[in-house]
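Below is one structure, written out as structure tokens; the observations come after it.
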Amino acid sequence: MPDHISFEELYRKAITFPGPNAAMAGLSVALETIEDELAHAGEQARVRLRARHQREIAYLHPEDREDDEYALKVTVEQVLPRVFRGGFILMLWSVFEVAVKRMAEYACRERNLPSLASSFKHGNFLDAVDRAYTKNLGVVAFPDSLVREKLDLLRHVRNALIHHNGSVAALPESLGAQNAAGYAALGLQTYTDLHDEFFVPHAAYLTENFAVVENYLALLSERVYASVHPVPAKDTET
């Protein structure tokens, strides 16, 4: 590595090249606060219920109180975590997709190649990434098969959340998790309501998958940048 990096090289790498750092930094801040916000939302729900029960104390039936307490338990343990943590998973996958596509388009422009935008529109996104990068750009998309497996699980979880409201039935049988213990090992807590069995990601699942995506994008961006700019830019003499 050279002792001196030119201003032009720093500018090109940090500003011109559409790397994932800025978007991942924003998600990192969200990840650090999400559990605090989740706990706060749960406590606010408890405060509101206690206040309503206090107002209705003269005529509140014990069975109604029990129903309210159960509804609160469902809200705090299932609904709010699914909204907060599930929403983070959706954003994490969105950042992943956008970063991958932007870097591919940058490589195409810089190397005067046809756009690959249409290749990402159909089918398994990870297969599309493999074709676009490995076949078309000559940049190995998934040098580590284990990382691809982890990304594929994240893809399935994201799809089940956004298209099936987190239904367990939407997860593929190939995951091998046939019971609550099996899903817990994957970082997913399962619940059952009147109509369906659904899952909620654990807090650790968010942290682990954020790290998977962050590390993958960082390494991919290095390979893409090196393929497009094998020679560092030099400052223009004035």
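The values are calculated or read from the model by the stated rules, or taken from the named source; none is laboratory data. All of these numbers come straight from a predicted model, not from anything done at the bench. Every residue, glycine among them, receives a Cβ derived from its backbone with ideal geometry; neighbour counts consider all protein chains shown.
Observations, loosely collected:
- In the range 193-225, the residues that are over 19 Å from V147 (Cβ atoms) and of a type in the set (G, A, S): A203
- Scan of the range 155-178 for residues that are at positive phi and surrounded by 15 or more Cβ atoms within 10 Å (Cβ to Cβ), ordered by number: G166
- Complete set of residues in the range 120-141 that are closer than 20 Å to W93 by Cα and buried (at least 20 other Cβ atoms within 10 Å of the Cβ): F125, A128, V129, A132, Y133, A141
- Scope the range 190-211; condition among the hydrophobic types (A, V, I, L, M, F, W, C) and within 13 Å of S28 (Cα to Cα); matching residues: L206, F210, A211
- Selection within the range 173-206 - in a loop (DSSP other than H, G, I, E, B) and modelled with pLDDT of 90 or more: L186, G187, H202
- Lone qualifier among S167, S221, S227 - being under 18 Å from the mean Cα position of the chain (by Cα) and farther than 17 Å from L153 by Cβ: S221
- Boolean, A45 is under 30 Å from R109 (Cα atoms) and not in a loop (DSSP other than H, G, I, E, B): no
- Filter pass, R12 being more than 22 Å from E208 (Cβ to Cβ) and touching a residue at least 60 places away in the same chain (Cβ under 8 Å): yes
- Elements of type helices (runs of 4 or more DSSP H) in the range 75-172, at least 3 residues being more than 20 Å from A185 (Cα to Cα), in contact (Cβ under 8 Å) with a residue 24 or more places away in the chain and not aromatic (F, W, Y): 80-110
- Checklist (1) farther than 30 Å from L137 by Cα; (2) in contact with a strand residue (DSSP E or B) (Cβ under 7 Å, 6 or more places away or on another chain) applied to G42, failing item: (2)
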